[in-house]
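Here's the structure we're looking at; comments come further down.
The values are calculated or read from the model by the stated rules, or taken from the named source; none is laboratory data. In this text the structure is predicted, and so the values were computed from the model without any measurement. No Cβ is skipped: glycine too gets one built from the backbone with ideal geometry, and neighbour counts run over all protein chains shown. In case anyone asks, the SASA skips ligands and DNA or RNA and just uses the protein heavy atoms, side chains included. Shrake-Rupley method; radii C 1.70, N 1.55, O 1.52, S 1.80 Å.
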Amino acid sequence: MTSDIISFVTHRSFVHAGGANDPLNTGIMVIGGGYDETDLFTGSFQKVKVLSDDWYSTNLKAIIVGKSDPIAARLQGPKGMPSNSIIDSGTNSLNISQQTLQAMISRFSAQQQQLLNQSVMDGKLVSTANLNLGSWPTLTFVMQGDAGDVSLQVPPSNYWQVDTEQAGAALAAITPGEDGLVILGLPLMNGYFTVFDGEADGGKGVVAFAALKS
């Protein structure tokens, strides 16, 4: 028997072209805890409130692309869903409802929109030589927290997966999703030490995020 807590350190959403021994293709899973693993994280935790423990269902309030105005999330999820978003370690992308995804892509520059559409909509690899990741904006996901709103960031180095399938190729870890639902998968987790705490809030749970220790 162990606590209903499981924690992760992940580095990638898609396999890196370096092979099985590439450290980017490894990670850490802590079963039964995580808050005491201070060798893995630094600073305090941001805790996202879980509204239903079926799939760690959460309330996404807004998405912010760089310094642009927030894109308000749909208030209710699809019929039969308890919320408008899920945090899921088993999803290797930011799976975003079609309408919200289109609004999000429109906030990028024209050249960036072209590359995103090529990767996200057409599923094609993009040359890393054309990306210039330093010019891309950070994505911020504003979530309902356990005590006030929580802002979680996904840098371009995490929503673009470079050296995917082959060296010099990249693929966006963003996919079109079901209307009214956003699934936040590994690209969100890759920047944090992530704790799925099923014991908090009387068993309903929280998802806690702390900065990775470098």
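Within the stretch 144-171, the set of residues being over 12 Å from the mean Cα position of the chain (by Cα) and hydrophobic (A, V, I, L, M, F, W, C) comprises A147, V150, V162, A167, A169, A170, L171. Looking only at residues that are closer than 14 Å to I28 by Cβ and of a type outside the set (G, A, S) in the stretch 197-214, which one is farthest from the chain's Cα centre (by Cα)? So, considering only residues that are closer than 14 Å to I28 by Cβ and of a type outside the set (G, A, S), the one farthest from the chain's Cα centre (by Cα) is K213. Evaluating S214 against the criteria (1) modelled with pLDDT under 95; (2) not in a loop (DSSP other than H, G, I, E, B) leaves one unmet condition, (2). Give the stretch 73-123 a look and list any residue that's out of contact with any Leu (no Cβ under 6 Å at 6 or more places or on another chain) and among the hydroxyl-bearing types (S, T, Y), or say none. S89, T91, S93, T100, S106, S109 - these are the residues of the stretch 73-123 that are out of contact with any Leu (no Cβ under 6 Å at 6 or more places or on another chain) and among the hydroxyl-bearing types (S, T, Y).
For the stretch 103-120, taking the residues that are open to solvent by 70 Å² or more (accessible area, probe 1.4 Å) and part of a helix (DSSP H, G or I), the one that is farthest from D163 (Cα to Cα) is identified as A110.
Restricted to the stretch 15-32, and to residues there that are hydrophobic (A, V, I, L, M, F, W, C) and part of a loop (DSSP other than H, G, I, E, B), the residue that is nearest to Q166 (Cα to Cα) is A17.
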